[in-house]
Amino acid sequence: LSHTHTHRWMLRCYGVSNVSVLDGGFAKWAKEGGPVDTAPPTRDWPRGKFRVGQFRPELVLAQRDVLANIAHAKFQLLDARSEGRFHGTEAEPRAGLRGGHVPHSISVPFTSCLHPEQKVGVPPCRV
């Protein structure tokens, strides 16, 4: 479910505002008796009219913005990775990545913003 929210965010950055995430994901859907199909998907539906909107640069920081913020704090940078990755005590999932965090950022693991059983957002997430 963690990547689902990343994909939603990326779509928002490209101007797609009508994006939803299934509350609790597929596991909750199936557990609550939602219909599940195991047949291979077919491609007999009509082509949609999906259009990517205008890129929204105000939702993205460039590396230069983050580097400038280290010297002259203008915003608080949140790190949504696990505390172990934030502190450099847990291995990174991809080879070659350094552990640790951007100076002056604070750790707010995305899991702290999820309902412990349903694994969905618990609005509002307190920071």
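Name the single residue that is surrounded by the most Cβ atoms within 10 Å (Cβ to Cβ) among those in region 21-72 being under 24 Å from the mean Cα position of the chain (by Cα) and either among the acidic types (Asp, Glu) or on the phi > 0 side of the Ramachandran plot (or both).
Out of the qualifying residues, it is Gly24.
State whether the residues of region 22-39 include one that is among the hydroxyl-bearing types (Ser, Thr, Tyr) and in contact (Cβ under 8 Å) with a residue 40 or more places away in the chain.
So far as region 22-39 goes, no, none of its residues is among the hydroxyl-bearing types (Ser, Thr, Tyr) and in contact (Cβ under 8 Å) with a residue 40 or more places away in the chain.
Bear in mind these aren't lab numbers, they're just calculated from the coordinates by the rules spelled out. It should be emphasised that the depicted structure is a prediction, and the values quoted were computed from it without experimental measurement. Cβ coordinates were reconstructed from backbone atoms using ideal geometry, including for glycine residues, and neighbour counts include every protein chain displayed.
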